[in-house]
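Before any comments, here is the structure.
Readers should treat all values here as calculations from the given coordinates under stated rules, not as data from a laboratory. Bear in mind that the values here come from a model prediction, so they are computed numbers and not experimental data. Neighbour counts are summed over all protein chains in view; Cβ atoms, including those assigned to glycine, are modelled from backbone coordinates with ideal geometry.
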Amino acid sequence: MLPDLIDEARRQLEICNACRYCEGYCAVFPAMTRQKAFADGDITHLANLCHNCRGCYYACQYTEPHEFALNLPAALAEVRVDSWERLIRPRRLARLFQAYGVAVAGLGIVALTAFFWALAVFKPDNGSGFYAYLAHTTMVAIFVPAFVAPLALIALAMRDYWREVGGRPLRLAHVAKALKDAAQLKNLSGGQGQGCNFEQGDRYSDQRRVHHHLMMYGFLLCFASTSSATVLHYGFGWQAPYPLWAPPKLLGIPGGVMMVVGGAGLAWLKTRADPALGAARVWGGEMAFILLLVVVALTGLALYAATGTGAVPGLLALHLASVMTLFLLMPFSKMVHGFFRLAALAAEAGKPTPQAGGA
């Protein structure tokens with residue numbers, strides 16, 4: 001934990017806690033009023049509750065040029081990113097991606113595309129659809145470890161995070177509330193339903209929330225598409241390729257389109273937002289993560305559109321490479337923020353309700 005980041009966030013939070021003008025804003029402010037002094041774990045918790053909507057910054061009377069020079073969105077963003085980098089192992093890889101995200105993701109896709117293209121030399125004697133170029137058993141043998149191992153690293157980080165923030169034993173009600181808040185992206189509207197101040201300064205906008213919803217639910221639809229294909233393959237002996245009306249296609253095509261639209265929107269909004277109100281040093285890594293998700297969705301849609309043509313082998317290698325790159329980088333890219341934020345929401349749901357008007 002970097003002391004200067006924690007100390008600066010603590011300074012700003014103590015001023016905010018004395019002022020309390022923003023106590024009706026997002027989940028950070030009610031949680032902040034629970035105590036007058038903040039341990040390091042408290043600050044890590046508050047930082048991961050923050051969704052960087054920036055409403056508090058534009059409402060604050062103590063931002064520069066005031067001598068207090070408050071910039072709470074940036075202070076919490078720095079602590080938040082540091083918590084991901086610090087608790088995920090190996091730490092150097094997390095910091096490497098945040099600093100050089102586009103290069104790391106690009107090199108990963110290029111190298112893995114070459115790998116999957118080389119595997120096509122050993123394509124099976126029989127098979128249809130994608131399995132005419134890469135056997136199903138080979139895909140499973142490659143992708144299961146590439147998916148499970150990063151999740152194991154994330155699980156270890158979640159254990160350490162829970163200990164650091166003093167999380168209480170989880171109850172079903174706490175998890176349900178966290179999932180509800182995450183599903184609604186409640187805190188992307190500052191908790192008041194007015195919208196976010198992310199890309200238009202002191203003007204409210206719901207664009208960030210809408211594009212996040214498109215990306216999140218598009219990703220979940222694509223995951224459901226893959227899951228349904230697994231059930232059909234192993235449970236019913238129905239192997240790919242699937243017709244348009246089958247669940248994998250009914251879920252995957254809309255999901256892919258939603259991911260492309262949502263990702264393009266998020267990338268555009270990020271170019272309009274003030275980098276000084278976030279963790280500016282990881283701007284490239286965050287943009288790389290968004291673009292990686294768009295590449296995964298675009299190559300998947302292109303692969304479906306190219307079914308039966310000579311473009312399938314190349315597109316299949318590119319799509320599988322982008323998916324595997326996403327899997328392998330899960331713990332080290334901004335993908336991990338979803339796990340940390342859900343843990344923060346669940347931890348907050350298990351804490352005592354702050355008393356109105358007092359600490």
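To the nearest ten degrees, helix 207-235 and the longest principal axis of the Cα atoms of the chain are 40 degrees apart. Along the axis of the charge dipole computed for the range 90-349 (Cβ charges of +1 for Lys and Arg, -1 for Asp and Glu, origin at the Cα centre), the listed residues V148, L342, I109 are led at the positive end by L342. Counting lysine pairs in the chain whose alpha carbons fall under 25 angstrom apart, excluding pairs fewer than 8 residues apart on the same chain, gives 11. In plain terms, the residue of T299, T230, T63 with the fewest other Cβ atoms within 10 Å comes first and the most crowded comes last, giving T230, T63, T299.
Tell me which of V28, T138, Y204 sits at the most positive position along the dipole axis of the chain, charges placed on C-beta atoms (Lys, Arg +1; Asp, Glu -1). Working it through, the farthest residue towards the positive pole turns out to be T138.
Relative contact order for the range 147-304 using alpha-carbon pairs under 8 Å, separation at least 6, rounded to a whole percent?
On the way: 141 pairs, mean separation 31.4, N = 158.
RCO, the range 147-304: 20 percent.
Taking semi-axes √(5λ) of the Cα gyration tensor in Å as calculated from this structure, the corresponding entry among (i) 27, 24, 21; (ii) 41, 20, 19; (iii) 28, 26, 17 is (ii). Each Lys and Arg Cβ is given +1 and each Asp and Glu Cβ -1; about its Cα centre, the range 3-84 then shows a dipole of about 360 debye.
Pulled fully out, how much extra length does the chain show between I15 and T353, if you take 0.36 nm times their separation in residues and subtract their Cα-Cα distance?
Numbers: separation 338, 0.36 × 338 = 121.68 nm, distance 2.12 nm.
Net length gain for the segment: 119.6 nm.
Once you reduce the range 134-158 and the range 315-344 to the center of their Cα atoms, the two points are 11 Å from each other. The ranking of L13, L244 by Cβ neighbour count inside 10 Å, starting from the fewest, reads L244, L13. Look at the alpha carbon pairs under 8 Å that are at least 6 residues apart: their mean separation over the length of the chain gives a relative contact order of 28 percent. Annotation for the range 11-65: chymotrypsin sites (Phe, Trp or Tyr not before Pro) lying in DSSP loop with at most 14 further Cβ atoms inside 10 Å of their Cβ are Y21.
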